[in-house]
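Notes to accompany the following structure.
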Amino acid sequence: MRYLLEVACESVADAEAAEAGGADRVELCAALDLGGLTPSAGLYREAWAAVRLPVWVMIRPRPGDFVYSPAEVAVMAADVDRFRPEEPAGFVFGVLSADGRVDRDACRRLLDACAGLPAVFHRAFDRTPSASEALDAVAELGFRRVLTSGGADTAAEGAEAIARIRERAAGRVEVLPCGRVRAGVLEHVLQVTGCDQVHGSFAEPVPVSAGAGHRGYPGRTRVGREAVAAARAELDRLAAGP
């Protein structure tokens, strides 16, 4: 077997580092420091051309909560329409109602806009009041996967909750653990959850250049190729068994 490794990326260089480290999929977005927003069409095209990995596109119009107005849902649908002809592997989004539950109507509109391309319900899932109810909604709507830390800060801390989510999913929807995933926690996360894939950003600080044009700005992060490679090696070790 092979455990699948998905890496969140916000630049072409991130996607290249993810591929070089052994990732299986890329989740492409902008502004990871804000939780991930919709990337530009230019970023998608260049990242798609730079790697051979499936590229999934985040659709999120703004930072903050996941309760969107009709106008914001229209923007999200328009973004899906814009990206769909570019042949992404699929889309990543999630919409909640004011009571915190999955907004079925808004999600159905976006899924219709996907026109058959698969979709992932992102970590808005962890903001819902009932994981069981949310999972049933996500499965019934037809999402391919759900991204979750089990409602905890990290996948390691939420592993038991993720296991319960996977058990309830019963094959209806894939469960993708996330939340500060690194090589050192993979054995625990996979053994406890029973999942066969993980998601992480593998972020490391971008070194500050001495050039004057680089000084005076907040620090940035990038995908760490070595951190991805360490995770890939650990996943392969676990897949090989004792």
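Among 76, 1, what is the fewest-to-most ranking by other Cβ atoms within 10 Å?
If I rank by nearby Cβ atoms, fewest first, I get 1, 76.
Which of the trypsin sites (Lys or Arg not before Pro) found in the stretch 194-242 are in a DSSP loop and have at most 12 neighbouring Cβ atoms, other than their own, within 10 Å? Intermediate results must be reported in sequence, preceding the final value.
Numbers: sites: 215, 220, 222, 225, 232, 237; in loops: 215, 220.
Counting only loop positions with at most 12 other Cβ atoms within 10 Å, the trypsin sites (Lys or Arg not before Pro) in the stretch 194-242 are 215.
Only helical runs count toward this figure. For the chain, summing -39,500 (n - 2.57) over DSSP H runs of n ≥ 4 and dividing by all residues gives -12000 deg cm²/dmol at 222 nm.
Give the order of 103, 112 when sorted by the count of other beta carbons within 10 angstrom, beginning with the fewest. Walk me through the numbers on the way to the answer.
On the way: 103 22, 112 11.
Fewest to most other Cβ atoms nearby, the residues stand as 112, 103.
Can you give the charge dipole size of the stretch 149-242 about its Cα centre, rounded to the nearest 20 debye, using +1 on the beta carbon of Lys and Arg and -1 on the beta carbon of Asp and Glu?
Details: 12 positive and 11 negative charges, 72 e Å.
Approximately 340 debye in magnitude.
Might you report the magnitude of the Cβ-based charge dipole of the chain about its Cα centre, with Lys and Arg at +1 and Asp and Glu at -1, to the nearest 20 debye? Here the chain has a charge dipole of around 140 debye.
We did not get these values from a lab; they are worked out from the coordinates using the rules stated. None of these values were measured; they are calculated from a predicted model. Ideal geometry is used to build each Cβ from the backbone, glycine not excepted, and the neighbour counts take in all protein chains shown.
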